[in-house]
Amino acid sequence: MRQPVNPAHLDALITMINESAYFRCLGIVVTELRSGYARAELNIRPETHRNPFGSIHGGVCASLLDTALYWAAYCDQEEGVGFTSLDLSVTNLAMVQSGVLVAEAHAIKEGRSICLCDGIVTDEQNRKIAYGNSKLMILAGRQSVKDAIAAMGYPALPPKFL
């Protein structure tokens, strides 16, 4: 049985993730990570997220989902394991112009080399805005949190497991 994930590690990891350049640019904020689950939010900024027709660009939901789907598999993997997205499928279900979007994702199958995750984006009225799924390739010793720390010049995090 795997050791429990260190809450101090998750808090520090979430802080680090949210300081990454792409997430700051888009306004994506990872708010929760736990076994088989991740949650990310985005406050729609009209000057950044809207397409020429006044609703948000489909890429906004795709990026929000990609973030939650990726991190949904994190807690159940050994320390030093990274991922890369093999694919991302997004189905847009409704248009939205303003407010907060929430992506919730679940790891539905975690194998030795592939993780399958799915998720949903909802708005403040709990309307379903987009659905997505992704296959992640598990990369032992590559594209790990340690690599992100090095790339961002970030201080070491507390250990992943208690």
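The numbers here are math on the coordinates, done by the rules we state, and not lab data. All values reported here derive from a predicted model rather than from experimental measurement. FYI the Cβ positions are ideal-geometry reconstructions off the backbone, even for glycines, and counts take in every protein chain you see.
Hey, does the range 2-11 have a residue that's under 20 Å from Lys146 (Cα atoms), touching a Pro at 6+ places or on another chain (Cβ under 8 Å) and of a type in the set (A, V, I, L, M)? The answer is yes, given that some residue of the range 2-11 is under 20 Å from Lys146 (Cα atoms), touching a Pro at 6+ places or on another chain (Cβ under 8 Å) and of a type in the set (A, V, I, L, M). Can you confirm whether Leu136 is more than 19 Å from Ser20 (Cα to Cα) and either surrounded by fewer than 19 Cβ atoms within 10 Å (Cβ to Cβ) or small (Gly, Ala, Ser) (or both)? No. Regarding Lys146, is this residue surrounded by fewer than 16 Cβ atoms within 10 Å (Cβ to Cβ), farther than 19 Å from Ala105 by Cβ, within 19 Å of the chain's Cα centre (by Cα) and not small (Gly, Ala, Ser)? Answer is yes for this residue.
Residues that are touching a residue at least 12 places away in the same chain (Cβ under 8 Å), out of contact with any helix residue (DSSP H, G or I) (no Cβ under 6 Å at 6 or more places or on another chain) and more than 27 Å from Glu110 (Cα to Cα) within the range 27-67 comprise Gly27, Asn43, Ile44, Arg45, Pro46, Thr48, Arg50, Gly54, Ser55, Gly58, listed in sequence order.
Pairing each residue of the range 127-142 that is in contact (Cβ under 8 Å) with a residue 24 or more places away in the chain with any residue that is acidic (Asp, Glu) and surrounded by fewer than 16 Cβ atoms within 10 Å (Cβ to Cβ), provided the two are 6+ apart or on different chains, yields C-beta distances under 6 Å for Lys135/Asp87.
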